[in-house]
Amino acid sequence: MSTLDWWRTGTIYQVYIRSFADGNGDGTGDINGLRSKLPYLADLGIDGIWINPWYPSPLLDGGYDVADYRDIHPSFGTLEDADAMIEEAHELGIRILVDLVPNHCSWDHVWFKAALQAAPGSPERARFHFTEGSVADDGTVGPPNNWKSVFGGPAWTQVDDGQWYLHLFDPSQPDLDWTHPEVREEFRSILRFWLDRGADGFRVDVAHGLAKDMDFPDLSDHVQILSSAKQPNHAHWDRDELHEIVREWRAVLDEYDGRMMVAEAWVSEESLPKYLRPDEYHQSFSFDLLMAAWNADAYRSTITSVYEPAKALGAASTWVLSNHDVMRHTTRFGLPADESWRTWPVTGPADALDTELGERRARVAALITLGLPGASYLYQGEELGLPEVWELPWDVLDDPVARRSEGTQKGRDGCRVPIPWTAAGESFGFGGPAWMPQPERFAAYATDQQIGVDGSFHSLYKDALRIRREHFVDDAELTWIDAGDGVLAYSRASGVRCVANMGAEPVPMPAGEILLTSMPGLTDELPSDTAVWLRPT
Ligand code: NOJ
């Protein structure tokens, strides 16, 4: 067993609760569904679970619009169910991370409802960013500035008395004012609420967004919303003031044993170290690999750019191939390099997708990432090779991205479709009639088609997690090996190597004892888009 903190080397499985497993047959995933699948997850070999928001919410952004931070959405269960789940997970050696959403709440939150009832300038409005609009030369009144919502459209909505409130995301997600002491105190108390219930830590949403320039200056036109985090002194991303807030949270976590928090921070390589200072986050997601082009050079330089700064700080790298915000990577990898996965579901053409290629590459990416030092975050269904449901019709889409993109993007529902557990039966064994329709092709990916089947995605992940625990987790060393054009190769301190042929031509199988191959039957050579883990003989 590793002597390092579990989260430094762990495999953390992301559960999108609404779509994981439905315990009561109402068509929506829930905590009791998750409880029933804990043995499945323990058998897969994961170390922790991050659960997407499970709080009471109008679900206008999949639960990232929180109406009450100290309760559970009735569709997902009760606090007692959550307590039981945490206890059962712990008995199986699995840690639980709760999703903390501090940048904004829901417009159904008691604070925001009170703010709407109260007058401009009232204490109730002071917990949010309410302000007057701007007046143009011709006297017309508009939003206070030109900030845009990440989901499209202005970041401001006007209320009946003429004031405007800020929402960097959907209008249903008003931003909290983190200069307000009550906001600060409330979130410290929320942290304690979940820590006292046994949560092992938090995934922190929009960690780079909490602080705003309180003069609300216009942004220059060319600045894009998320990449703007790379701009120094941006008016609402990655501002220095937010670190003081993080330090307050860290002090709370440090009152407890062994708890951690991971930041969802879309910031530049230069900025990231600030989030990982010893009195701030334990780790931060890196999404760079998720964005990298499919070739050995791009992977090597991206991995280096994530690994080296983390190592220099004594922090752990994180590896992410998919999550609930992006197209599932089996599908992403099957699209031509010049195709944008964000718009392709709208623009097509459907025959641009090469499913077999995507799946081959997804297997290679699994061996590359699961062999690296650091934590690996897996998204539910990734271990089944589940594809994106890119063909969902517009009328079933639920994501605000689809609603606000004016027909240019279908949004994120395609990666949030309920998991198929069995090839037969209602909703492929998910539970009742699935809240988001599942395609017929899901039958082939169901767990009962894969568990114990040689060569299945599930077997690959299960074998990889077992070997990872045996050979990869006791150190943070990574040594690159020059293995020729198109081949990515590295070794770990144990001597175990990962060799991935990302080029077009086959290469001879490297010397050593084969521990695992991305496809069955690889012995003499590594064809294009295959990988192997080897140990020295
Ligand atoms: C990031 C979350 O991952 C995403 O799903 C959500 O829409 C935004 N933050 C806003 O909370």
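Near the amide H of L378, within less than 5 Å, lie the amide hydrogens of I12, Y13, Q14, all on another chain or at least 5 residues away, with H placed in the peptide plane. Rounded to 0.05, the FRET efficiency of the L79 and S340 pair, given R0 = 51 Å and the Cβ-Cβ distance, is 0.75. Sorted fewest first by neighbouring Cβ atoms within 10 angstrom, K113, K212 come out as K113, K212.
With the highest mean first, a sort of the peptides 326-333, 500-507, 283-290, 298-305 on other beta-carbon atoms found within 10 angstrom per residue produces 326-333, 283-290, 500-507, 298-305.
The distance between label points at R403 and D297 comes to 4.5 nm (points 7 Å beyond Cα on the Cα→Cβ vector). Going by neighbour counts of Cβ atoms within 10 Å, the residues E339, E270 line up, fewest first, as E270, E339. If the label point is 7 Å along Cα→Cβ of Q231, which residues in segment 148-163 have backbone nitrogen under 12 Å from it? Hits in segment 148-163 for Q231 at 12 Å: 148.
Couplings 3J(HN,Hα) of segment 124-138, computed from phi: 5, 6, 5, 7, 10, 9, 9, 7, 6, x, 9, 10, 6, 4, 7 Hz, in residue order, whole Hz [Karplus 6.51 cos²θ - 1.76 cosθ + 1.60, θ = phi - 60°; x for Gly and Pro]. Each peptide among 480-491, 195-206 gets the average number of other Cβ atoms lying within 10 Å of its residues, and from highest to lowest they stand as 195-206, 480-491.
Here the 3J(HN,Hα) profile of segment 427-433, calculated from phi with Karplus coefficients 6.51, -1.76 and 1.60 at θ = phi - 60°, is 6, 6, x, 5, x, x, x Hz, Gly and Pro shown as x.
So how do 164-172, 468-476, 449-457 stack up, highest first, on mean other-Cβ count within 10 Å?
Working: 164-172: 22.9, 468-476: 18.3, 449-457: 14.9.
Packing order, densest peptide first, comes out as 164-172, 468-476, 449-457.
Amide H contacts under 5 Å for R95: G48, I49, restricted to partners 5 or more places along the chain or on a different chain, H placed in the peptide plane at 1.01 Å from N. The distance between label points at R535 and A443 comes to 4.1 nm (points 7 Å beyond Cα on the Cα→Cβ vector).
A short reminder: the numbers here are calculations on the coordinates, not readings from a lab. This is a predicted model, so every value here is computed, not measured. We place every Cβ from the backbone using ideal geometry, glycine too, and count neighbours over all the protein chains shown.
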